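The values are calculated or read from the model by the stated rules, or taken from the named source; none is laboratory data. Keep in mind the model is a prediction, meaning the values are calculated, not measured. Quick reminder, even Gly has a Cβ in these numbers, built from the backbone with ideal geometry, and neighbours come from all protein chains shown. Heads up: the accessible areas ignore ligands, DNA and RNA and are worked out on the full protein's heavy atoms, side chains in. Shrake-Rupley method; radii C 1.70, N 1.55, O 1.52, S 1.80 Å.
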Amino acid sequence: MKVTYNWLKEFLNIKISPKELAEKLTMAGLEVVSLEEAGRDFVFEIEITSNRPDWLSILGVAREIGAVTGEKLKAAVFKEPKIKAKEINPVKISILDKKDCSFYSARLICGVKVGPSPLWLKERLELLGCRSVNNIVDITNYILFELGHPLHAFDLDLLAGKEIVVRRAKAGEKMVTLDNQPRLLGNDILIIADKDRPQAIAGIMGGKDTEVTFKTRNILLESAVFNPVLVRRARQRLGLQSESAYRFERGVNLETAKAASLAAQELICNLASGKPCGYKCPSSPKISGAMINLEPAYVNRMLGTDIPALKIKKILSGLGFDLKMQSKNRLVVGVPGFRQDVKLPIDLAEEVARIYGYSEIAQTLPAIKPNVNIGGKRDIVPQIKNVLVGLGLHEAITYSLVDRDLLKKSGIKPDAQSVEILNPLSKEQEVLRPTLLPSLIRCLAYNLDQQQEYVNIFEIANVFSYGKGASGNPVSQGAIRPGSVDESLSLSIALCGMHSFLTRQGLIRDEVTILHLKGILEGLFNKLGIRDYDFRAQGERGVSIIVNQQEIGIMLNLNKKVLDAFDIKNKQVILAEINLGKISAFVNIDNKFSGLPKYPAITRDISFVVKGDISIKDLLTVITGKGLPLLRSAEVVDYYQGKQIPEGCKGLTVSCVYRADDRTLTEEEISLLHNSICSLLEERFSIKLR
Amino acid sequence: MDINLIQAQIEADLSNANSPQALEELRIKYLGRKGLIAELTGSIPALAAEQRGSFGKEVNALKNRLLNLLNEKEKSLAGDSLKPGNADVDIGMPGIAPELGTVHPITRIIGEISTVFNHMGFCVLEGPEVETEHNNFTGLNIPLEHPSRDAFDTFYLKNYTNFLLRSHTSPVQVRTMKKHKPPLAIVVPGRVYRPDAVDASHLFMFHQIEGFLVDENVRFSDLKGILSFFLKSVFSSDIKMRFRPHFFPFTEPSAEVDISCLICKGKGCSACGRKGWLEILGAGMIHPNVFKQVDYDPKKYTGFAFGMGIERIAMLKYGINDIRLFFENDLRFLKQF
C-alpha cells in the first residue's frame, strides 16, 4: 500500500525526514519497500501484513507513527447533520441475513454536480496509483485511502424502486460490473440489489447500470460491513480483485464505517455541492470492545525484558488502546474496534515489543534440555550419502512432482496407485512420482547432452503411492480414498558412459556395466553392515536385489525403447533403485570387533577353464562349501575370454585364502584341502585346470 | 690381493656415485656374475688349503660390507630423488587417486545448519511431505478462508480430501508436539511445495529448515540469542543481525530476521537492493493457539520457532544467482561442491 508524507502530516506532526520515517516504520513492522520523491511530496510503499487491515489507511499509518514518535493524532470529528423532515427522501433497505452483512447504511445526497475533481484531489489519488474518474467516485476513493473503509456511490435515480436489498445472488443471475465485464453470479455471492436485480457485488465492485456519471443528480452513498469470508469467496470465484475487496477480506470495523460515511458526505457537499437528504441504517449492531487483563510482569517474562509498567501503559495508550483500570500488577486493556487482531495478552506483548523496539531486547541463551528419545537414532541417510560420495558418485536432487509423459517415456505405466495433484500449474506438476528412476534418467540424458563422458549420480528421496484401502485392495480410480498415501524413502543410482582414469600404465577407459553398479551396492551394503545380500537375474526385469531373502530393489540396463525416448545413443544406462525403508531393519553399524588373526594365512590360486554358461556364483558356493572352515575367502582375481580359451568357455583364477585360528597350517594340510576342492570342481563343473 | 685396498677403492667409488644408474654400475662391477667379488671367490680354490678359510671369511665380510654400503647409498640417493629435476617421476604429472563424488549443495547446507543446532542441543527430525490440512494449516492457527492463507499457495491431492503437499516444514511442529511433551528442541529440514511458475528465483519445490524450542520460561530474548549464534556460525562472526516485527499466524510476537549484506557489509549494493540488509528467516514465539491444539498448557509452556529457505541460504553463501541450477543437476555445477 502507498501513503504520502504530506497526507500523513495532515494527521500529526512529523519532525523526522522521510528517510528516517521509512526506517522507523520498517522497524515497527510496516516494511517500507520503496520510498520515492514525487514533486513536493514523498511516496512510501509499505508492505502491510494480513493481520493489520487498520494499517491499510493514511490514518492507520499515522496512528502508528504517533505511537513511535510520541506525537499526538489530530483526529477529525464529524457530526451527523440535521435534515429537515420535508427534505427527507424515502428509501427502503432490507438485509436478508445479518450474518452476511452486519451493518448497512445509506446516505442520500441530492443535487450533486458531478464533474472533474479539483487538482489537489486528483494529484493525491494519482500519487497512490489511483485513476481519477469524477468528483463523487474520487471522493469515495479518497476516503477509502484516508480512513481505510470502502464506500460505494449509486445513482439513486437508477435504483429500481429506490430500494436496496442485501442478499445472495440467485443461481444464473447476471450483471455487468464497473469494469465492463459481464459476471455470472451464484448463491455463494453476496450482492446489493435494487427491487429487481443485482446492482453491485457486495464489498468488491459496483455495477455499470447504477454507475455515477456526469448525468447523475442524486446519489446513494453506501457504507457497510460485509462478511469477510463471503467477500473472499466471491473475489476468488469471480477472479475480481479490488481495493475494496482487499480491505473487506481483512476485516473492516463499524466505527470507521460510520466515520467514513460522514466524512465522504461532508466532502461531497463541499466539492460537488450536494445536500444531505436522508440517512437510512436499518439497525446498528451493538459492539462491546474486548477487554484483556494484562500483567506487566507477563510481558517482561515473555520478552526477556525489564520494561517498567508505566512505559508499557504509555506504549499501549499511544496505539489507541484504552487502559481502563490499573493496579500495580495489572492493567485492564480495552481494545479499540479497529484492532480486531488483538485478542490475547500475548498480542499486547507483541505491541509493546514492537514499539519498545525489537532491537532493544537483549540476546540471551536458554538452557536447552535435549531429549535423547527424539531423533536420537543415527539416521542411515547421511551414512549412505557418505559411502556413495566416497565411491565417486554425485548427489542429485530432482523434483518430486513429474509429468505423466516422463513416466510413460521411462516405460512406467501410470496406474490407479499414482498420486495426482488436484491443482497443478503446469504439466510438470501433475503426479507425485512413484519412483525416482525417470527423474534420474532425464538428469543423466541432460548431462550427456552437455558433453559429459561419464555420468554417475544418485538421489535419495521419497516416492509416493496410494496405500491400500480398508479392504486391502487398491481403491478404484476416481473414488475418494480412505487409506493413506504411502511415502517411502528410496535410493536410486544412475550410471552411464566411459569412465576414464589415469594409471601408471597410462589412461584406462572403462565403460560402465551392471557389474560396476553391483560393486557400488556391495560396497554400500558392506559399509552398512548388511551381510545377507544377493543379486538375482530376472531376465527382462533386470536383476533383483535381495537382502535377507526379501527383494528390496532392482538393477537394470535400460532397454532400447527407453534409450531412444530419451535420445541416448550408443550407450548403456545402468540403474538401480532400492527401498531404504526395507533395508533399514538390516543395517548394523554397531557391529562387534572380531579379533585379529594370530596365525598366518596362506593363499593358493586355482586357474581353470570352464564352460561359459556356468555361473561364477555356483562355482564359488561349491568352493566355499568344501573349504570351510579353513578356507577364509575365495575371490575371483582374474577373468578372461579370448584366444587362449576354447570357444564357449571362460578362464578364471580364484584366489583361496586358508587360515586356522589356533595354529599355523602346514603345507600338507593345505595341499590336501586345496586339491580336494580342485577335484570337486573338476567333478561337478568339468573344469580344466591350467 | 689386498682386501683392505679393495675396500678403500669400493668406498671411494661409492662416494662418487651420485645417481641410481651409477650405483647400478657399481653393483655390477663388484657384485655382478663377473664382478670383483665373484672373481675373489673364484680364486679361493687356487689358494693354499690353510689360507682358504681365512680368505673366504674376509671375502664374505667384504661382500656383506659392500651390500650394506650399496643399500645405504641407495637409500640416500632415493631420498634425493624427490628433489625437482633429480627425479625419475615428473611431479608435474597428475596424482593418481580414485575420484571423489559430491553431496548436493542443499544437503551440504542442511548438514551445516543441523550441526550448528546439534551443538546447541537440538535434535534433527523429519516429517512426511504429504500432510493433512490440519497439520499444515488449522493446527498452526491458520484458519480456513482467511487472508493469512494467501501466503501459502498449496498443492492438493486429487481424490483425497484434506490432504496436501506441505507448503512449509511447520506441520512437523504439530506432529512432534502431539507425540511428545516438552522440553523440546528440534530442527526439521525437508522438501516443501508451493504452486509457482518456475523462474530464476521461484520453484514449485524447495527446501526449508524449521526449528523450535518449547520449555518453561522460553523468552523472545532467547530466540534472539539462539539465532544470533546460528547466523554468525553459518555466515561469519562479524555479520550484524536485525529483528523486524512481522506477522505469522503461528507465532506471536513474530519477526523477520535480516543479516547485514554479505557483499557490501551493510553499505547498500545491488545484491541487497541498496538496503544493506538481507532477509534471511522468519521467527517468533509459538502462538498460544498452536499450543492449545496439541494440549499444551500455554500458561506453563512457552516456546519459539523459526524457519528459513535452504536454497536462499545456499545462494547467498555460494553466490548462486539462479535457483533452477539446484535441480538441473548439471555435473559441472554439482562438482563444484
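Numerical summary
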quantity: Between 0 and 90°, nearest 10: helix A:309-318 axis offset from chain A longest Cα axis; calculated: 70
quantity: Coarse-grained scattering of the range A:553-690 at q = 0.11 Å⁻¹, given as base-10 log I(q)/I(0) from a Debye sum over alpha-carbon atoms; calculated: -0.66
quantity: Relative contact order of chain B, pairs being alpha-carbon contacts under 8 Å that are 6 or more residues apart, as %; calculated: 15
quantity: Cut-off under 5 Å, modelled amide H: who pairs with B:Gly273 long-range; calculated: none
quantity: Solution diffusion estimate, µm²/s, Stokes-Einstein, the range A:258-311, Kirkwood Rh from C-alpha pairs, 25 °C, viscosity 0.890 mPa s; calculated: 153
quantity: Sequence-distant residues sharing a close amide H with B:Leu203 (under 5 Å, placed H); calculated: none
quantity: Sparse-neighbourhood loop sites, trypsin sites (Lys or Arg not before Pro) in the range A:628-686 - DSSP loop, at most 16 other Cβ within 10 angstrom; calculated: A:Lys643, A:Arg663
quantity: The range A:512-556: radius of gyration and largest Cα-Cα distance (Dmax), Å; calculated: 10.3, 30
quantity: Per-selection Rg to Rh, the range A:536-615 - Cα, Kirkwood hydrodynamic radius; calculated: 1.15
quantity: Candidate residues B:Trp277, A:Trp120, A:Trp7: accessible-area rank, largest first, probe 1.4 Å; calculated: A:Trp120, B:Trp277, A:Trp7
quantity: Over the range B:218-276, relative contact order from alpha-carbon pairs under 8 Å, at least 6 apart, %; calculated: 20
quantity: Cα-Cα P(r), the range A:85-280, percent of pairs per 5 Å interval; calculated: 1, 8, 18, 21, 23, 17, 9, 3, 0
quantity: R0 of 56 Å, Cβ-Cβ distance A:Leu502-A:Glu45: FRET efficiency to nearest 0.05; calculated: 0.40
quantity: Sequence of B:Val172, A:Val543, A:Val133 when ordered by accessible area, the most exposed leading, probe 1.4 angstrom; calculated: A:Val133, A:Val543, B:Val172
quantity: Under Karplus coefficients 6.51, -1.76 and 1.60, residue-wise ³J(HN,Hα) of the range A:353-369 in Hz, glycine/proline x; calculated: 4, 4, 7, 4, x, 4, 6, 7, 7, 5, 9, 10, 10, x, 7, 9, 10
quantity: Percent of Cα pairs exceeding the 19 Å cut-off, where the set is the range A:1-160; calculated: 63
quantity: Buried on assembly, the range B:156-194 (at least 20 Å² less accessible surface than by itself, 1.4 Å probe); calculated: B:Tyr156, B:Leu157, B:Lys158, B:Asn159, B:Tyr160, B:Thr161, B:Leu165, B:His180, B:Pro183, B:Arg191, B:Tyr193
quantity: Vicinal HN-Hα couplings computed from phi for the range A:121-134 (Karplus, 6.51 cos²θ - 1.76 cosθ + 1.60; Hz; Gly/Pro x); calculated: 6, 4, 4, 4, 5, 5, 4, 8, x, 10, 6, 7, 10, 8
quantity: Spatial separation of Cα centroids for the range A:539-583 and the range B:13-59, in angstrom; calculated: 67
quantity: Length gained when the stretch A:Arg217-A:Glu80 is fully extended (0.36 nm per residue, less Cα-Cα span); calculated: 47.1 nm
quantity: Longest segment of chain B lacking GluC sites (Glu not before Pro) that sit in a DSSP loop with at most 13 other Cβ atoms within 10 Å; calculated: B:217-337
quantity: Cα-only radius of gyration and Dmax that characterise the range A:291-359, units Å; calculated: 10.7, 30
quantity: With 20 Å bins from 0: P(r) over chain A, alpha-carbon pairs, percent; calculated: 13, 28, 24, 19, 12, 4, 0
quantity: Centroid-to-centroid separation of the range A:627-689 and the range A:1-15 [C-alpha atoms, Å]; calculated: 94
quantity: Dipole magnitude of the protein assembly as shown, debye to nearest 20 (Cβ charges: Lys/Arg +1, Asp/Glu -1, about Cα centre); calculated: 3160
quantity: Helix-only CD estimate at 222 nm, as mean residue ellipticity for the protein assembly as shown, using -39500 (n - 2.57) per DSSP H run (n ≥ 4); calculated: -9500 deg cm²/dmol
quantity: Distance between the range B:228-254 and the range B:184-224 - C-alpha centres, whole angstrom; calculated: 12
quantity: The protein assembly as shown: antiparallel DSSP beta bridges as a percent of all, rounded to 5; calculated: 95
quantity: Cα gyration tensor shape for the range A:86-155, rounded if a/c is under 1.5, else prolate or oblate; calculated: oblate
quantity: The range A:47-119 shape via C-alpha gyration tensor axes, a/c threshold 1.5; calculated: prolate
quantity: Mean separation of Cα contacts under 8 Å, 6 or more apart, over the residue count of chain A: relative contact order %; calculated: 8
quantity: Table column - 3J(HN,Hα) (Hz), the range A:497-513, Karplus curve with 6.51, -1.76, 1.60, x for Gly and Pro; calculated: x, 9, 8, 10, 8, 8, 10, 4, 8, x, 6, 10, 10, 10, 7, 5, 10
quantity: Protein accessible surface hidden between A and B, which excludes ligands and nucleic acids, total in Å², probe 1.4 Å; calculated: 7800
quantity: Rounded, prolate or oblate (a/c below 1.5 giving rounded, otherwise prolate when a/b exceeds b/c) for the range A:2-69 by Cα gyration tensor; calculated: rounded
quantity: Rg to Rh, two decimals, where the range B:70-210 supplies the alpha carbon set and Rh follows Kirkwood; calculated: 1.38
quantity: Under-5 Å amide H pairs with A:Val573, H placed in peptide plane, nonlocal only; calculated: A:Leu558
quantity: Per principal axis, descending, Cα span of the range B:204-302 in whole Å; calculated: 47, 32, 22
quantity: Chain B: radius of gyration over Cα atoms, expressed as a fraction of 2.2 N^0.38 Å; calculated: 1.87
quantity: Helix axis angle, A:437-449 relative to chain A longest principal axis, alpha carbon, degrees; calculated: 80
quantity: Coil-residue chymotrypsin sites (Phe, Trp or Tyr not before Pro) of the range A:545-653, DSSP, other Cβ within 10 Å capped at 10; calculated: A:Phe593
quantity: Nearest-ten-degree value, helix A:135-147 long axis tilted from longest Cα axis of chain A; calculated: 60
quantity: Dipole magnitude of chain B, debye to nearest 20 (Cβ charges: Lys/Arg +1, Asp/Glu -1, about Cα centre); calculated: 640
quantity: Once the Cα gyration tensor of the range A:299-400 is diagonalised, semi-axes √(5λ) in Å; calculated: 50, 18, 13
